[in-house]
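Below is one structure, written out as structure tokens, with a few remarks after it.
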Amino acid sequence: MSTWTAPTQASTRKKVTIHTLMEKKARGEKITFITAYDFPTAAIEDKVGIDIILVGDSLGMCVYGFDSTLPVTMDMMVNHSRAVRKGAPNCFVIGDMPYMSYQVSVEQAVANAGRLMQEAGVDGVKLEGGIEMVDRISAITKAGIPVMGHLGLTPQSVAMLGGFKAQGRDVSAAIKLIEDAKALEEAGCVSVLLEAIPAEVAQIITERARIPILSIGAGPYCDGQVLVVHDLLGFFGGHVAKFVKQYANMNEYIEKALLEYKADVENVAFPGPEHCYKISEEELAKLRKALEEN
């Protein structure tokens, strides 16, 4: 079985902190943000200098093949977050709070956020919702845990939203998003993720906020951008959202490699002599003699 080690270049990076992200916003520098769910992917993202990694509950679809994020559990999030933290020691790692890990009560929210910090070593947690989540955010923050808010298209509430649809496209909905963003900042959020809302609405929120505002399908005016790594790399067979730019087609590369491997095995072209371990002629002769004597 082969072994894999994290690229040594990652160790030369300076650790990204909340202060780093706030300075980037102040200087007008864009924040880079992407998901990861495993050690090797996280290590590559750390190597190339990504600022924030989100261990998203999107792993429900990308890793486990679920139809939504709803079946994702705290144990899943802790295990995947721990692997990502190990692979990306210098990125700011955010662990997603899965469905029903914070909605039931403030106490449960704090306890589960604490699990991600204590057991996985993340730098902060993310949870969905606006003004209705202020008490959870405030309590988690008071426990010393940084919180990223999430507004707009919130997948855990997709049934209430009527499907995976863009949000904030009329005046009342836009005002609600702007008010929610302000409430989240006042409750102690260190950043807010906006998903699938008009760019102009996101621009207003970003200009009014003192904390970094991040975009997934919320246009170019936010302080940074995030994409799901499987979407970015073309390593997922599901629906690709309008806001996704694919930078590679990994499905095509992987399929080609697997077909070549299959053909090599069937045609006895693999393994070749260069892939085999050797025994000396002398030892081989001794082995054959020992077998004959037995």
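Observations, loosely collected:
- Our note on the geometry: Cα centres of region 162-224 and region 231-282, 40 Å apart.
- The angle separating the long axis of helix 18-27 from the principal Cα axis of greatest extent in the chain is about 60 degrees.
- Inter-label distance, Asn294 to Tyr277: 1.7 nm, where each label sits 7 Å from its Cα along the C-beta direction.
- Here is the list for region 106-203: trypsin sites (Lys or Arg not before Pro) lying in DSSP coil, each with at most 12 other C-beta atoms within 10 angstrom of its C-beta, are Lys165, Arg169.
- Cα-based helix-to-principal-axis angle, 171-187 vs the chain, degrees rounded to 10: 80 degrees
- Farthest positive-ward along the chain dipole, Cα basis, beta-carbon charges - from Val134, Leu291, Ala113: Val134
- All lysines inside 30 Å of Lys142 as judged from Cα atoms, apart from same-chain residues fewer than 8 positions distant: Lys14, Lys15, Lys24, Lys25, Lys30, Lys86, Lys126, Lys176, Lys182
- Among the chymotrypsin sites (Phe, Trp or Tyr not before Pro) in region 27-98, those placed in a DSSP loop whose Cβ has at most 15 other Cβ atoms within 10 Å are Tyr64, Phe66.
- The ratio of the alpha-carbon radius of gyration of region 95-212 to the globular-protein estimate 2.2 N^0.38 Å is 1.03.
- Likely footprinting exposure, His80, His150, His275, fewest C-beta neighbours within 10 Å first: His275, His80, His150
- Taking a straight Cα-Cα cut-off under 26 Å and skipping sequence neighbours fewer than 8 places away in the same chain, the lysines within cross-link reach of Lys262 are Lys278.
- Angle between the chain longest axis and helix 281-293 axis [Cα atoms, degrees, rounded to 10]: 70 degrees
- Loop-located trypsin sites (Lys or Arg not before Pro) in region 240-294 whose Cβ has at most 11 other Cβ within 10 Å (DSSP): Lys242, Lys245, Lys278
All of the numbers you see were taken from the coordinates with simple rules; none came from a lab. Since this is a predicted model, take the numbers as computed values, not measurements. Quick reminder, even Gly has a Cβ in these numbers, built from the backbone with ideal geometry, and neighbours come from all protein chains shown.
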